[in-house]
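Worksheet: one structure, shown below.
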Amino acid sequence: MDSERTLLPGKPIKLSERLKGRALPHDVAMEQSVLGCAMLKLEALSAMISKLRFSDFYDPRHQLIFEAIEMLHIDQKPCDILTVTNQLILNENIAAVGGREYVSSLPGSVPFAANYASYIDTVKGLSLKRRMIMALDGVIEQAFSTDLEAEQLIELAAQRIINIREEGSETGLTKVGKVLSDRINELYLQSKGVRVPLPKTCYPGLDRVLGGLRKGALYILASRPGIGKSAFSLNIAHNVARFYDGVVAIFSLEMSKEEVATRLLSSKTAMSSQQLERLDEKDVRSWDMIAAGLGELCDVPIYIDDHSSVNVVEIHARCRQLQLKYNKLDLVVVDYLQLMGTASGRSRAENRQQQIAEISRMLKVMARDLEVPVLALSQLSREVDKSDRKPKLADLRESGAIEQDADVVMFLHDPEGKSDDKAYRNEIREIELIVEKNRQGERTLVKLEWNPEILTFTEEGYGGVPEPPSV
């Protein structure tokens, strides 16, 4: 093999010493079959143009032939042996592809034209493998030759893999009738109890307007400090895991995993963190309560990651691992958005507002890619405190992109303004949950009771126990 491979026409890419002499993954016969099918069937031509680019072909001859076919397609001209040959002559590439004889041989090289979709998928898959090899080879080179920190190299490698995945994902058009037919089937099966309904927060007032935590949706929960957004997110996470046997991933950038776990235990046992810290070994009743709470929490599939420097690319990768382990993932909680870093070197040079915009966009992409609801916590600007009013979308701290990307934006608001008053900090009080944006339905205000000592939110009339899901 040559020391260079042409992945783009006219743009040879240097291979490192470790790759020289090794052929990158490819299948010339598959590429010939794809091009041959495009000259035989209009369906194959359309599929090839929509799913492949010229850089997906390994053989430089096939890249040039693809370009000629693409030009004919753009000009709405027929694509066959004669027209492709003439286009290559116009492009002055006929000699480079092996002459008229080679172009004429392509349709005859097709084993079975009806299998064009399989041929296309194979060529695309091999192309992605080559891109991954080249991308990671570049990272390895930088690991040897630059002063980049290990964490930066990990971020670079992860970002390149994500980029390759996004490039390789299909973004084809789907007929609206097919989408609606599938959706109606889902609703019908759900109405018969055949399918498990969407997991819910188990707060009835909130569930009435949300209808459940939807796959691929980004939920933003925001408040000023001290009003309980972390506790409320943990209450929801526990409800999803307990009542729906849901797999939940919690990424805590502010608290350690021990703090998060202790908060869950405190909420479950109705014992404050101070009570837990001051336990007496002879207090049998308290230890029995802890044993019961621990028994339940040990059984629920809630996973905690407390790396303070985690970014969305790493969260995406860890969630996918968890999803593959359980063959499902029901909720991801990120606490909180403004503490996150970005994965791209480009954003480090930009202001924080642009960084938050990138983080918000990537969280939405992650939710869609993993088909999982993502609950991301956010801070509100100080203007809410200064003006003594209810929060609004413009108060989301550091970026208007959060409002744009989110499917649902919720605010926790203390109408009496006691959250900053130390005299009332541990007092049970009413908190307003304001659903300010809801793409799937109406906006609303739900009144919750907040018990700061045991870190639990309840709704009036439910005795501290969230309403279990209906069967």
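Every number in this text was worked out from the coordinates using simple rules, so none of it is lab data. Predicted, not measured: the structure shown is a model, and the values here were computed from it. Here the Cβ is made from the backbone with ideal geometry for all residues, glycine too, and neighbour counts use every protein chain on show.
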field: Label-point separation in nm, Trp287 to Ile140, each point 7 Å along Cα→Cβ
entry: 5.7 nm
message: Students often get this wrong: which residues of the stretch 119-154 have the backbone nitrogen under 18 Å from the point 7 angstrom along Cα-to-C-beta of Arg22?
response: 126-145
- request: With a 10 Å radius around each residue's Cβ, average the other Cβ atoms per peptide and rank 200-212, 83-95, highest first.
  value: 200-212, 83-95
query: Applying 1/(1 + (r/R0)^6) with R0 = 60 Å to the Cβ-Cβ distance of Ser104 and Ala150, what FRET efficiency is obtained, to the nearest 0.05?
result: 0.65
query: If you add up the charges near Ser233, with Lys and Arg at +1 and Asp and Glu at -1, over every other residue whose beta carbon is less than 13 angstrom from its beta carbon, what do you get?
result: 0
message: Please compute the length gained on full extension between Arg382 and Asn185, using 0.36 nm multiplied by the number of residues separating them and subtracting their Cα-Cα distance.
response: 66.2 nm
field: By average C-beta atoms within 10 angstrom, highest first, the peptides 331-338, 363-370
entry: 331-338, 363-370
- prompt: Can you sort Leu393, Leu213, Leu82, Leu64 by how many other beta carbons sit within 10 Å, fewest first?
  reply: Leu82, Leu393, Leu64, Leu213
query: Most exposed first by the Cβ proxy, i.e. fewest other Cβ within 10 Å, how do Arg361, Arg443, Arg131 rank?
result: Arg443, Arg361, Arg131
statement: Quick numbers on the stretch 32-95, Rg and Dmax over C-alpha atoms in Å, give 10.5, 29
field: Net charge over other residues, Cβ less than 9 angstrom from the Cβ of Ser127 (K, R count +1; D, E count -1)
entry: +4
task: Mind scanning Lys129/Lys325; Lys51/Lys328; Lys215/Lys328; Lys392/Lys437; Lys364/Lys392 and naming the pairs with a C-alpha gap bigger than 19 Å?
output: Lys129/Lys325; Lys51/Lys328; Lys364/Lys392
task: Kindly put Thr444, Thr456 in sequence by how many other C-beta atoms sit within 10 Å of each C-beta, fewest to most.
output: Thr444, Thr456
message: How much length would be gained if the chain were fully extended between Val209 and Ala394, taking 0.36 nm per residue of separation minus their Cα-Cα distance, in nm to one decimal?
response: 64.4 nm
task: Give the distance, in whole Å, between the Cα centre of the stretch 246-270 and the Cα centre of the stretch 90-145.
output: 49 Å
statement: Inter-part gap, Cα centre of the stretch 200-230 to Cα centre of the stretch 27-78, in whole angstrom, is 48 Å
